[in-house]
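Enquirer: Here's a structure for you.
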Amino acid sequence: MKTTVDIPDDLLLAAKREALESGRTLRELVTVGPRHELAAPARPRRKRASFRLVTVPGNLAQGLDLSSREAMHDYLRRTR
């Protein structure tokens with residue numbers, strides 16, 4: 001299958017040089033990387049952070065300070 005991939009110029013030149021010096025085609029060389037990555041043991045996927053939306057009727061929740069990210073995190077930790 002043919003596809004278009006954007007490869008940085010320096011990497012492409014190095015790959016062409018390596019293919020020439022090793023007696024392989026560029027295609028052979030380029031397919032080694034994906035095959036190696038796909039054959040490697042799967043790395044654990046990061047679990048997406050879940051969150052609970054804190055809502056209150058009217059204005060801001062009592063004690064919630066929007067001027068500081070750390071203060072907001074502290075508030076959310078306390079309300080869990």
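The values are calculated or read from the model by the stated rules, or taken from the named source; none is laboratory data. What you see is a predicted model, and the numbers here were worked out from it, not measured in a lab. Here the Cβ is made from the backbone with ideal geometry for all residues, glycine too, and neighbour counts use every protein chain on show. Heavy atoms of the whole protein, side chains included, go into the accessibility calculation; ligands, DNA and RNA do not. Shrake-Rupley method; radii C 1.70, N 1.55, O 1.52, S 1.80 Å.
Enquirer: Are any residues in the stretch 64-80 closer than 16 Å to Phe51 by Cβ, assigned to a helix (DSSP H, G or I) and open to solvent by less than 100 Å² (accessible area, probe 1.4 Å), and if so, which ones?
Expert: Met72, His73, Asp74, Tyr75, Leu76
Enquirer: Residue by residue through the stretch 37-72, note down the ones that are small (Gly, Ala, Ser), under 30 Å from Glu18 (Cα atoms) and modelled with pLDDT of 80 or more.
Expert: Taking the stretch 37-72 and keeping what is small (Gly, Ala, Ser), we get 39-40, 42, 49-50, 58, 61, 63, 67-68, 71.
When the remaining residues are screened for being under 30 Å from Glu18 (Cα atoms), the result is 39-40, 42.
Passing the criteria: only Ala39.
Enquirer: Can you confirm whether Arg24 is modelled with pLDDT of 80 or more, over 23 Å from the mean Cα position of the chain (by Cα) and part of a helix (DSSP H, G or I)? Walk me through it before giving the result.
Expert: Details: modelled with pLDDT of 80 or more: yes; over 23 Å from the mean Cα position of the chain (by Cα): yes; part of a helix (DSSP H, G or I): no.
The answer is no for Arg24.
Enquirer: Considering (1) part of a helix (DSSP H, G or I); (2) open to solvent by 100 Å² or more (accessible area, probe 1.4 Å); (3) at pLDDT 85 or above, say which one Pro34 fails and leave the rest.
Expert: If we test Pro34 against (1) part of a helix (DSSP H, G or I); (2) open to solvent by 100 Å² or more (accessible area, probe 1.4 Å); (3) at pLDDT 85 or above, just (2) comes out false.
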